[in-house]
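Peer 1: Before we start, here is the structure in question, set down as structure tokens.
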Amino acid sequence: MQLRDKSEAGQFIVLAEMEPPKGVDINKFTANAIRVKEQVDAFVVPEMNSAVMRMSSLGASLILQHKGLPTVMQVNCRDRNRLALQADLLAAGASGVENIMAVTGEDPSFGDHHEASAVYDIDLIRLLSTIQGMAKGKDMAGVDLIGAPSFFCGSTVNANVRGKALQLEIEEMERKIEAGARFFVTPPVFDMADLDEFLQKAPRDKIKILPTVLLLKSVGMARYIDRHSDHVSVGQGLIKRIMTASDKARECAQIAADTIAAAKQAGMDGVAIATLGWEHMLPQVLNLKPTESLDTRQDDPNTSWGKHAGGK
Amino acid sequence: MIVASPKPIEEVINTVKDCKKLLILGCNECVTVCEAGGKKEVGILASALRMYFAKQGQQILIEERTLERQCDHEYLEEIRDIADTYDAILSLACGVGVQFTAEKYLSTVVLPGVNTCFLGATEERGLWTERCQACGSCVLASTGGICPVSRCAKRVLNGPCGGSTKGKCEISKEVDCAWQLIVDRLTALGKMDEYEQIAPLKDWSTDRAGGPRKVAKEDVQS
Ligand code: SF4
Ligand code: SF4
């Protein structure tokens, strides 16, 4: 079932991020995706996450599409001007890509080519409305397209912010919806209750909200995120779980599996699983049975509300 | 200097039309030299607006003032007593002056009256051309003192693109090919051996790629 249909039918959506290779060896990339194709509705192919140079989302998406794997191609405003963005969207549309996730893109200073110049010819709202316009058969210059691409389009929302920042985020979200976004991926969420305030304000009837389920890789990573990411909290409960586990990698996969189950239980529209290069762990994440008691909040007195994460 | 050009009068009218009392604020520096926002242009714009609104039968009090600089706290202080008596200040300074004025007088609307265009020079009376884009790491030493960043349409850094024809740029017969100028100059200086060397990879993080920039000179900071 296509992502759009599944979304319209109100079924639980599972997206999995597949980081394209930094190089031309695509064996692991495709093998990791094929392994979980039955459990994943579409593979999100990031466009140079964190401004680290890799294979483009278009190229990597097409590689997966040719293997019969549905993708969500990412487009960002950082690397391409309006000509290149539209050109890539046409190429994607003609080659079977049906889903697009439009993002702003992190500044090059975050990546591995920090002297690169950024483009930002158009902003995210414009990019979304361009995609919408192309579906109606026109390019940004108003010229007719010979065949219009039709995409199921989404973006990101920084659902973890609070107070005034949340209000702004919701307004921004409304603008994105107006411009055609139909699903929203949040920053990593480890406790679905963190989304309560956001969910109360978000226009849920119009769109799908997919919390990111981030596969932790170690205690160090969990601690680092907890301390340094303003918008994401992992919580002491989970950190302790990894710390005391004999097989730490398995425990991390178990935590991700539990988080997916918790998302289902909390009535989320789906999840977007991010493994940041550990895509070989996806089968475990998707097949492990959730732990009986899901409520990790009880032994987590330090849940840090009000932290922020980079919802670019 | 910073080169600016007056905004179209229709655009200005549209931004000030709801004011009852307006101050047009000129600047004595760059925008005076490029005849976009000095005392003279303040007077011309004020007259044009007065005439327009009188014709419309609209009451609007328009006053004129020109400061030594608008990008300097000291001179901006001179309007401290009167700034909030206006519905809006229409600044004819460059974008820096407009913003500095707006930062200082938070309760008054500050509007731009010019389009800030580039860093350039007076070629002849009434003609200003671009010379620099403030890229933050100047390459003029190796390009015969001619800037490929601001003067080459494609910002190429290792000799001309394929579009250079008879010394002109492919974008227009009116525009000199920067690389033709560079080659001619290096030839005249007997420095063509430098031209053969591949330019180091340009660091755009000192340009706009690294976000808003600042320059700090600690030895003079108080
Ligand atoms: S190289 Fe950079 S700093 Fe030097 S003149 Fe050109 S734009 Fe200005
Ligand atoms: S013709 Fe000359 S100035 Fe124009 S883009 Fe090419 S190299 Fe640059």
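Peer 1: Restricting attention to segment B:212-222, which residues are exposed (fewer than 10 other Cβ atoms within 10 Å of the Cβ), not in a helix (DSSP H, G or I) and not aliphatic (A, V, I, L, M)? So that I can check it myself, show each step before the final result.
Peer 2: In the first step, residues of segment B:212-222 are kept if they are exposed (fewer than 10 other Cβ atoms within 10 Å of the Cβ); the result is B:212, B:214-222.
With the extra rule that they be not in a helix (DSSP H, G or I), the set shrinks to B:212, B:214-217, B:221-222.
Those that are exposed (fewer than 10 other Cβ atoms within 10 Å of the Cβ), not in a helix (DSSP H, G or I) and not aliphatic (A, V, I, L, M): B:PRO212, B:LYS214, B:LYS217, B:GLN221, B:SER222.
Peer 1: Could you look through segment B:98-138, keep only residues that are within 16 Å of ligand 2 (Cβ to nearest atom) and within 14 Å of chain A (Cβ to nearest Cβ), and pick out the one that is most open to solvent (accessible area, probe 1.4 Å)?
Peer 2: Per the stated criteria, the residue is B:GLN133.
Peer 1: Let me ask something else about it. Between a first residue in segment A:93-110 that is within 14 Å of chain B (Cβ to nearest Cβ) and a second residue that is of a type in the set (Lys, Arg), which pairs have beta carbons less than 8 Å apart while being 6 or more apart in sequence or on different chains?
Peer 2: As it stands, the answer is A:THR104/A:ARG78; A:THR104/A:LYS312; A:GLY105/A:ARG78; A:GLY105/A:LYS312; A:GLU106/A:ARG78; A:GLU106/A:LYS312; A:ASP107/A:ARG78; A:PRO108/A:ARG78, since those pairs meet every condition given.
Peer 1: Follow-up question, since we're still on this one. Looking only at segment B:24-43, how many residues end up being within 11 Å of B:GLY113 (Cβ to Cβ) and hydrophobic (A, V, I, L, M, F, W, C)?
Peer 2: Adding up the residues that qualify gives 6.
Peer 1: Looking at this structure, is B:ALA209 among the small types (Gly, Ala, Ser) and either in a helix (DSSP H, G or I) or within 16 Å of ligand 2 (Cβ to nearest atom) (or both)?
Peer 2: yes
Peer 1: If you don't mind, there's one more thing I want to ask. Which number in (1) among the aliphatic types (A, V, I, L, M); (2) surrounded by fewer than 11 Cβ atoms within 10 Å (Cβ to Cβ); (3) within 16 Å of ligand 2 (Cβ to nearest atom) marks the one condition that B:LEU201 misses?
Peer 2: (3)
Peer 1: Find the residue count for segment A:248-278, including only residues that are assigned to a loop (DSSP other than H, G, I, E, B), at positive phi and open to solvent by less than 10 Å² (accessible area, probe 1.4 Å).
Peer 2: Result for segment A:248-278: 0.
Peer 1: Same structure, new question: Give the residue, chosen from A:HIS66, A:HIS113, that is within 14 Å of another protein chain (Cβ to nearest Cβ) and out of contact with any Pro (no Cβ under 8 Å at 6 or more places or on another chain). Break it down stepwise before answering.
Peer 2: Details: A:HIS66 fails: within 14 Å of another protein chain (Cβ to nearest Cβ).
Step by step, each of A:HIS66, A:HIS113 is checked, and only A:HIS113 is within 14 Å of another protein chain (Cβ to nearest Cβ) and out of contact with any Pro (no Cβ under 8 Å at 6 or more places or on another chain).
Peer 1: Here's something else I'd like to know. Within segment A:111-126, identify whether any single residue is at positive phi, assigned to a loop (DSSP other than H, G, I, E, B) and at pLDDT 95 or above, and answer yes or no.
Peer 2: no
Peer 1: The conditions are (1) more than 13 Å from ligand 2 (Cβ to nearest atom); (2) exposed (fewer than 11 other Cβ atoms within 10 Å of the Cβ); (3) more than 25 Å from the chain's Cα centre (by Cα); (4) over 16 Å from B:VAL139 (Cβ atoms), and B:THR187 fails exactly one of them. Which is it?
Peer 2: (2)
Peer 1: Give just the number: which of (1) farther than 20 Å from A:GLY105 by Cα; (2) surrounded by fewer than 22 Cβ atoms within 10 Å (Cβ to Cβ) does A:SER233 not satisfy?
Peer 2: (2)
Peer 1: For residues that are part of a helix (DSSP H, G or I) and touching a Cys at 6+ places or on another chain (Cβ under 6 Å), scanning just segment B:74-97, find the one that is most open to solvent (accessible area, probe 1.4 Å).
Peer 2: Ranking the qualifying residues of segment B:74-97, first place goes to B:VAL96.
Peer 1: Taking segment B:174-184 as the region of interest, how many residues are at pLDDT 95 or above and more than 8 Å from ligand 2 (Cβ to nearest atom)?
Peer 2: The qualifying residues number 4.
Peer 1: Hey, any hits in segment B:153-168 for a residue that's more than 14 Å from chain A (Cβ to nearest Cβ), under 24 Å from the mean Cα position of the chain (by Cα) and within 14 Å of ligand 2 (Cβ to nearest atom)?
Peer 2: yes
Peer 1: Moving on to the next point. Say we look at segment B:202-212 and pick out the residues that are of a type outside the set (Ser, Thr, Tyr) and more than 7 Å from every other protein chain (Cβ to nearest Cβ); which of these is nearest to B:GLN133 (Cα to Cα)?
Peer 2: Checked segment B:202-212; the qualifying residue nearest to B:GLN133 (Cα to Cα) is B:ARG208.
The values are calculated or read from the model by the stated rules, or taken from the named source; none is laboratory data. This is a predicted model, so every value here is computed, not measured. All Cβ positions, glycine included, derive from the backbone under ideal geometry; neighbour counts span all protein chains shown. Each accessible area value is taken on the protein alone, full model and side chains, heavy atoms only, with ligands, DNA and RNA left out. Shrake-Rupley method; radii C 1.70, N 1.55, O 1.52, S 1.80 Å.
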